[in-house]
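The values are calculated or read from the model by the stated rules, or taken from the named source; none is laboratory data. Since the structure is predicted, the reported quantities are computational estimates derived from the model, not experimental observations. Cβ placement follows ideal geometry from the backbone for every residue including glycine, while neighbour counts extend to all protein chains displayed. Side chains are part of the model used for accessible areas, which takes the heavy atoms of the whole protein and leaves out ligands, DNA and RNA. Shrake-Rupley method; radii C 1.70, N 1.55, O 1.52, S 1.80 Å.
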Amino acid sequence: GCMLDGKLYPYGDIERTHNCFRCTCSKDSMRCCSIFHIPIGFDKQNCKVVFNKESCNYDVVQKSDPSKECPVYSRV
């Protein structure tokens, strides 16, 4: 298998690692890409970005009340 951040994964395609990547593990290498998109277009003065490990995505929430989401205009 392949090691990633101290965790062993089997050979083949890995839909989702513990740290939110999609990977392919072979005898020679392990190739990964993120399955989340980083928000860049939002009200940075009143909102903040928080990583949600369950959904493997970034939530944008109000700084004054993190239980309320902020609109996101673009992600990369």
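Scanning region 33-50 for residues that are within 13 Å of ARG75 (Cβ to Cβ) and part of a strand (DSSP E or B) yields SER34, PRO39, ILE40, GLY41, VAL49. Within region 25-49, being among the acidic types (Asp, Glu) and either surrounded by 14 or more Cβ atoms within 10 Å (Cβ to Cβ) or closer than 11 Å to CYS70 by Cα (or both) holds for one residue alone: ASP43. Do we have any residue at all in region 2-19 that's open to solvent by 40 Å² or more (accessible area, probe 1.4 Å) and under 18 Å from ARG75 (Cβ atoms)? Checked against the condition, which is being open to solvent by 40 Å² or more (accessible area, probe 1.4 Å) and under 18 Å from ARG75 (Cβ atoms), region 2-19 yields no hits at all.
One residue stands out in region 51-68 among those that are part of a loop (DSSP other than H, G, I, E, B) and within 26 Å of ARG16 (Cβ to Cβ): the one that is least open to solvent (accessible area, probe 1.4 Å), namely CYS56.
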